[in-house]
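Below is one structure, written out as C-alpha cells, with a few remarks after it.
Taken together, the values in this text are just the output of simple stated rules run on the coordinates, not laboratory data. This one's a predicted model, so the numbers in the text were calculated from it and none came from an experiment. As a convention, Cβ positions derive from the backbone with ideal geometry for all residues, glycine included, and neighbour counts pool all protein chains shown.
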Amino acid sequence: MNTDPVALPIASVERETGLSKDTLRVWERRYGFPVPARDAKGERLYPLGQVRRLVQIKRLIDRGHRPGKLLTLDEGALAALDAPLDAERPEISTRHLDRWMHLVKTHDHEAMQALFRRDLFRCGMSRFVQDIAAPLIARVGDAWARNQIGVFEEHLFSQHLEKLFRSALSGLALNDGRPRVLLTTLSGEEHTLGLLMVEALLTVEDAYPVLLGPQTPVSEIVRAALAKEIDAVCLSFSSAYPVSLATQGVIELRRSLPADICIWAGGYGVKSLRKPPGGVCLIPEFADLFACLGAWRQTRQTDPLPRQGKHTEDN
C-alpha cells in the first residue's frame, strides 16, 4: 500500500497526461513502466515523479517518437530528446519570461499582478497573449514536467493568471460585432485559461465572444449555439486531453451543428492532429485565430465594425 499524499489514482493520471487507462496498463505489463503502487483497495496509485515522466513521454510521442523506444530510455536520454523545447522559445523574450518564472516559483502574486498590468499596458492585449502569456504557460508546463515546480505551484499560477485575465476583460467594452463566437470545452476538459485568452483576442478584434464555460456536452453546445445565434463555436483543448476524444467530439459536433456555423478547435491539444476533421478550422497557435477570423469575415462579407442593437444581454 502507498500512502504517499502526492500519488495519483489512474483516473487523475489519465487526465493529467492524456494517456488512456488502457494504455497505462498495457505499458505497465509490456515495458515495466509505469510502476504504480496499490492502495488498501488494490487500486493503482502513481507517484508524482512517474506522472511527470509520462507527461514527457506523451509530449515526445506527439512529436513522432515511438512509445516502445521511449519507455526503454532513462531520464537523461529522455531529457536529451526533450531539449529542443528550449530552443523553440524566442530568444528576445527569454530574459523577460525568466522574470515571470521567478514570480511563479516564489508565489509572489502581488508582483505578478503588477507585472501583468505593466506588460498588458506596454504590449496591448493581442501581443501580450501571444508573446508573453502563451509562451509563459508552455514554460510552466515544461517546468512541472521536469520536476522544477510542484503541482500546487502550477495550479496557483493558472488560477492567478485566470483571475488577472478576468479582471482585465471586465474593463474591456464588449461590442456587438461579428462573428459571434461561443467559447467552451468538451466534457472532460477542465482547463479554461485558453478560453479566456481567446475571449480577450476576440474582444479586441471586434468580434463577440460568448463564454459558455468548460465541460459542455455536445448536445448542449448545439442548443446554446442556436439559441444565441452563434456564427462559430471555438473549443479549447489542453495537452492533457486525449487526441482520440478530441477528434471524436469535434466530429460529433460538426455533424450536429448546422453547416453555416463554423467550428474552431484550438490549444496545445490540437498540435498533434495531423489532419483536421472536415469543416473544422484548427488553431494550434493564437496567431491562427486571426486566420480563422479573417476567413470567416471574407466568406460572409461581414462588416467587422461593431453594430448597435440586439444581443447586448450577453455582456
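Sorting 23, 17 on the 10 Å Cβ count, fewest up front, what's the list? Mind showing how you got there, number by number?
On the way: 23 16, 17 27.
Going from least to most buried by this count: 23, 17.
Neighbour counts of other C-beta atoms within 10 Å: give me 260, 231 arranged from fewest to most.
Working: 260 9, 231 20.
Exposure proxy ranking, most exposed first: 260, 231.
Springs join every pair of Cα atoms under 10 Å in this Gaussian network model of the chain, and among 194, 267, 171 the largest mean-square fluctuation is at 171.
Rounded, prolate or oblate: which one fits the stretch 142-280, using the alpha carbon gyration tensor with axes a ≥ b ≥ c (rounded when a/c is under 1.5, else prolate when a/b beats b/c, else oblate)? All intermediate terms of the calculation are to be shown ahead of the outcome.
Values: a/c = 2.16, a/b = 1.20, b/c = 1.79.
Oblate is the answer for the stretch 142-280, as a/c is 1.5 or above yet b/c matches or exceeds a/b.
Step through the table entries 21/163; 41/275; 41/69; 105/271, compare each Cα-Cα distance with 31 Å, and write down the pairs that go over it. As for pairs spanning more than 31 Å Cα to Cα, those are 21/163; 41/275; 41/69. From the coordinates of this entry, Kirkwood radius over Cα pairs in Å is computed, and it appears in (i) 19.8; (ii) 20.9; (iii) 19.0 under the label (ii).
Among the cysteines of the chain, those whose beta-carbon sits 4.7 Å or more from every other cysteine beta-carbon are 123, 234, 262.
Could you work out how much longer the chain between residue 290 and residue 256 gets when fully extended? Use 0.36 nm per residue separation minus the Cα distance between them, nm to one decimal. Walk me through the intermediate numbers first.
Values: separation 34, 0.36 × 34 = 12.24 nm, distance 2.52 nm.
Result for the pair: 9.7 nm of gain on full extension.
Think of the chain as a dipole: +1 on every Lys or Arg Cβ, -1 on every Asp or Glu Cβ, centred on the Cα centre; then among 230, 293, 46, 46 lies furthest on the positive end. The GNM of the chain, with springs linking C-alpha atoms under 10 angstrom apart, assigns the highest mean-square fluctuation among 195, 186, 156 to 156. Taking 74, 119, 98 as the candidate residues, the one with maximal mean-square fluctuation in a Gaussian network model of the chain, Cα springs under 10 Å, is 74. Of the residues 217, 123, 113, the one whose Cα sits farthest towards the positive end of the charge dipole of the chain is 217 (charges of +1 on Lys and Arg Cβ, -1 on Asp and Glu Cβ, taken about the Cα centre).
About its Cα centre, what dipole magnitude does the chain give when the only charges are +1 on Lys and Arg Cβ and -1 on Asp and Glu Cβ, stated in debye to the nearest 20? Present the calculation step by step, with values, prior to reporting the outcome.
Working: 40 positive and 39 negative charges, 133 e Å.
So the dipole magnitude of the chain works out to roughly 640 debye.
For the stretch 181-192, putting each phi into the Karplus relation 6.51 cos²θ - 1.76 cosθ + 1.60 with θ = phi - 60° gives couplings of 10, 8, 10, 7, 10, 6, 4, x, 9, 8, 6, 10 Hz, in residue order, rounded to whole numbers and with x for Gly and Pro.
Farthest towards the positive end of the charge dipole of the chain, among the residues 67, 182, 272, is the Cα of 67, using unit charges on the Cβ of Lys, Arg, Asp and Glu.
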